[in-house]
Amino acid sequence: MKRKALIASLLLMLSGAADGEARPHRIVSLNLCADQYLMELADRDQVAALSHNARNPALSFSAEKAKDWPVSDGNAEELTVLKPDLVIASRIRRPEIRIFLETQNIPVLEIEPAHTLEDIRAQTRAIAGAIGAQARGEELITDIERRLEAAREAAPEVRPAAAHYQRRGFISGQATLMSEIMRWAGLENIAGRMGARRTQRVSMEVLLAAQPDILVTGVPTSNERDIGKEVLDHPALKTLYARARWIEIPEAMTVCGGPSFPAAVEEMQRQFKALEEVPH
């Protein structure tokens with residue numbers, strides 16, 4: 001019953017926000033992707049706190065901007081002090097947080113990962129509507145669409161085969177955000193040929209047999225020397241794929257499908273064009 005009451009409260013609040021009433025003024029984000037949207041769409045004084053990762057440059061696309069915004073660990077003690085009138089989060093699994101929000105009747109907008117442009121449009125409108133920033137939401141969508149259309153026009157006529165290979169030998173399948181980034185940048189995700197829809201582990205032998213033209217990886221950081229990372233330093237990869245055939249995209253650009261999405265597409269396309277200029 002409390003869960004239903006919470007949803008009803010949120011729906012009532014969203015209805016009010018759509019009419020310019022009951023606009024939330026103490027929003028707390030418990031989600032890294034929600035942070036991006038709030039810094040783009042909300043007034044600064046509407047936000048009580050962003051998530052604890054908002055200022056982490058390894059994960060947050062808007063880390064520099066977030067330095068001027070408050071952050072929170074998002075535990076029950078801090079939420080008690082912050083007194084939010086709206087919490088935006090992914091599916092809340094920590095029972096103590098869920099219980100706290102339900103007992104305090106705090107409206108919660110739960111968002112799912114956005115993997116496609118359609119997802120991003122829907123998520124932008126949901127968050128913009130919840131915080132009373134519909135016009136800004138539509139402006140953000142228009143800007144994202146404009147930049148993606150420019151990328152589409154600049155894409156090569158023949159798409160090179162590419163694979164996003166990650167630590168511990170995981171590859172990004174067709175139904176992933178990275179695959180969508182690759183598609184808009186003009187690359188064909190070779191994982192589709194292997195029947196991979198989600199992120200799954202693929203052996204080095206299978207990857208090399210597929211013969212992708214381009215390998216996409218994350219940008220290594222100084223503290224990223226774990227056993228899983230060593231697969232990217234395998235001699236077979238280094239021998240068969242010279243540095244000129246690698247694209248390195250910062251993870252902060254690819255964690256979320258949202259305001260960072262067109263930037264990731266543009267960066268991938270920029271690096272691909274640079275590869276084309278390097279003699280093989």
Just wondering, is there one or more residues in region 35-56 that are more than 15 Å from Ile127 (Cα to Cα), surrounded by 15 or more Cβ atoms within 10 Å (Cβ to Cβ), aromatic (Phe, Trp, Tyr) and in contact (Cβ under 8 Å) with a residue 60 or more places away in the chain? no
Taking region 148-176, which residues are touching a strand residue (DSSP E or B) at 6+ places or on another chain (Cβ under 9 Å), open to solvent by less than 90 Å² (accessible area, probe 1.4 Å) and part of a helix (DSSP H, G or I)? Gly169
Can you tell me how many residues within region 1-48 are at pLDDT 95 or above, touching a Gly at 6+ places or on another chain (Cβ under 8 Å) and of a type in the set (A, V, I, L, M, F, W, C)? 4
Condition check for Glu188: among the acidic types (Asp, Glu), under 20 Å from Arg245 (Cβ atoms) and either surrounded by 19 or more Cβ atoms within 10 Å (Cβ to Cβ) or in contact with a Phe, Trp or Tyr (Cβ under 8 Å, 6 or more places away or on another chain) (or both): yes
Just to check your reading of the model, which residue among Glu64, Glu145, Glu102, Glu77 is open to solvent by 60 Å² or more (accessible area, probe 1.4 Å), touching a residue at least 12 places away in the same chain (Cβ under 8 Å), part of a helix (DSSP H, G or I) and of a type in the set (D, E, K, R)? Glu145
Only unsatisfied item for Pro95, checking (1) free of Cβ contacts under 8 Å to residues at least 40 places away in the same chain; (2) under 29 Å from Val219 (Cα atoms); (3) open to solvent by 70 Å² or more (accessible area, probe 1.4 Å), is (2)
Looking only at region 112-123, decide whether some residue is closer than 30 Å to Asp43 by Cα, free of Cβ contacts under 8 Å to residues at least 24 places away in the same chain, in a loop (DSSP other than H, G, I, E, B) and within 16 Å of the chain's Cα centre (by Cα). yes
When you go through (1) open to solvent by 50 Å² or more (accessible area, probe 1.4 Å); (2) at pLDDT 80 or above; (3) closer than 23 Å to Ala63 by Cα one by one for Thr254, which number turns out not to apply? (1)
Hey, Arg197 surrounded by fewer than 17 Cβ atoms within 10 Å (Cβ to Cβ), on the phi < 0 side of the Ramachandran plot, in contact with a strand residue (DSSP E or B) (Cβ under 6 Å, 6 or more places away or on another chain) and of a type in the set (Lys, Arg) or not: no
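The values are calculated or read from the model by the stated rules, or taken from the named source; none is laboratory data. Note that this is a predicted model, so its numbers are computed, not measured. Quick reminder, even Gly has a Cβ in these numbers, built from the backbone with ideal geometry, and neighbours come from all protein chains shown. Just so you know, the surface numbers come from the protein's heavy atoms only, side chains and all, with ligands and any DNA or RNA stripped out. Shrake-Rupley method; radii C 1.70, N 1.55, O 1.52, S 1.80 Å.
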